[in-house]
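Undergrad: My questions all concern the structure below.
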Amino acid sequence: MSNFRKLAGIGALALLLAPLLGACSSSSRIPGPTGTPYRAYIVGQPYQIGGRTYHPREDFDYDRTGTASWYGDDFHGRRTANGETYDMNALTAAHTTLPMPTIVRVTNLENGRSVVVRVNDRGPFAEDRIIDMSRAGARELGFERNGLTRVRVAVLREASLRLKQAAQTPETIAELVASHER
């Protein structure tokens, strides 16, 4: 293949990938493990824990107040509901029904501090709690020592939709470029 045809092919590929590149660059600010490709978007089927049935669903307008807790040492290094390895030092959270991943802003109503985290697990399954934060999230919100706090949890619609789109992309840019060079 001539150099001109290779360059023309790469240029055409770049034009086709421009919207995807834009989505990737904007999602690079979304919290998550560095280098982890978001290849799965999981809403999930209804499930039962402790006699209670949970119905996962998309809700980009989710905005609730309630009690937050945090989970750490006992789960650190174990698999989360979306298949990642739980890292209590990452800004992530567990929610009973929101899709994985979903980006939420959690605000501590007792001190006004807030943090943006990515939902990547299921829980909490205590009746009075609406979100389980990683230790890093609890630390950012200032309730690591107390273990519980009153919070507001709001889905960040645009960030969550961008992450959903990126997760549903069947190939990474590197894979597309590599396949084009073959």
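Values quoted throughout were computed directly from the atomic coordinates according to the rules given, and no laboratory measurement underlies them. In this text the structure is predicted, and so the values were computed from the model without any measurement. In this analysis, Cβ positions are derived from the backbone assuming ideal geometry, glycine residues included, and neighbour counts consider all displayed protein chains.
Undergrad: Taking amide H atoms as placed 1.01 Å from N in the peptide plane, list the residues 5 or more away in sequence, or in a different chain, whose amide H sits under 5 Å from that of Arg113.
TA: Asn108
Undergrad: Would you order His95, His76, His55 from fewest to most other beta-carbon atoms within 10 Å of each residue's own beta-carbon?
TA: Details: His95 25, His76 14, His55 11.
Result, fewest neighbours first: His55, His76, His95.
Undergrad: Can you list the HN-Hα couplings for region 123-137, worked out from phi with the Karplus curve (6.51, -1.76, 1.60; θ = phi - 60°), rounded to whole Hz and with x for Gly and Pro?
TA: x, x, 10, 7, 4, 9, 10, 10, 7, 10, 8, 5, 4, 4, x
Undergrad: On to the next question. Please report the antiparallel percentage of the DSSP beta bridges confined to region 47-163, to the nearest 5. Before the final figure, lay out the partial values.
TA: On the way: 24 of 31 bridges.
Taking every DSSP beta bridge with both residues in region 47-163, the antiparallel ones total about 75 percent.
Undergrad: Hey, what do the phi angles of region 155-169 turn into as Karplus ³J(HN,Hα) couplings, whole Hz, using 6.51/-1.76/1.60 and θ = phi - 60°, x for Gly and Pro?
TA: Those phi angles translate into 5, 8, 3, 5, 5, 5, 5, 4, 5, 4, 4, 5, 5, 8, 6 Hz.
Undergrad: Out of the GluC sites (Glu not before Pro) in region 47-112, which ones are loop residues according to DSSP with at most 14 other C-beta atoms within 10 Å? Write out the running numbers ahead of the final one.
TA: On the way: sites: Glu58, Glu84, Glu110; in loops: Glu58, Glu84, Glu110.
Within region 47-112, the qualifying GluC sites (Glu not before Pro) (loop, at most 14 other Cβ atoms within 10 Å) are Glu110.
Undergrad: Same structure, new question: How about region 56-130: which chymotrypsin sites (Phe, Trp or Tyr not before Pro) there lie in a loop by DSSP and see at most 15 other Cβ atoms within 10 Å? Could the numbers behind the result be given before it?
TA: Details: sites: Phe60, Tyr62, Trp70, Tyr71, Phe75, Tyr86, Phe125; in loops: Phe60, Tyr62, Tyr71, Phe75, Tyr86, Phe125.
Here the chymotrypsin sites (Phe, Trp or Tyr not before Pro) that fit, given the DSSP loop and packing criteria, are Phe60, Phe125.
Undergrad: Using each residue's phi in region 77-84, evaluate 6.51 cos²θ - 1.76 cosθ + 1.60 at θ = phi - 60° and report the 3J(HN,Hα) Karplus result to the nearest Hz, with x for Gly and Pro.
TA: Each residue's phi maps through the Karplus curve to give x, 8, 6, 8, 4, 9, x, 6 Hz.
Undergrad: Cβ under 9 Å from Thr97's Cβ, Thr97 left aside: what net charge do those residues give with Lys, Arg +1 and Asp, Glu -1?
TA: Working: positive: Arg57, Arg122; negative: Asp59.
For residues surrounding Thr97, the net value is +1.
Undergrad: Which of Asp63, Asp132, Asp87 comes first, and how do the rest follow, when ranked by fewest Cβ neighbours within 10 Å?
TA: Values: Asp63 11, Asp132 24, Asp87 17.
Fewest-to-most Cβ neighbours within 10 Å comes out as Asp63, Asp87, Asp132.
Undergrad: Under the classification rounded if a/c is under 1.5, otherwise prolate if a/b is larger than b/c and oblate if not, where does region 47-163 fall, given a ≥ b ≥ c as square roots of the Cα gyration tensor eigenvalues?
TA: On the way: a/c = 1.22, a/b = 1.08, b/c = 1.13.
Taking the square roots of the gyration eigenvalues as a ≥ b ≥ c, region 47-163 is rounded.
Undergrad: Between Asn89 and Glu58, what is the FRET efficiency for a Förster distance of 30 Å, r being their Cβ-Cβ separation, to the nearest 0.05? Display every interim value, and only then the final one.
TA: Working: r = 29 Å, r/R0 = 0.95.
For Asn89 and Glu58, the calculated efficiency is 0.55.
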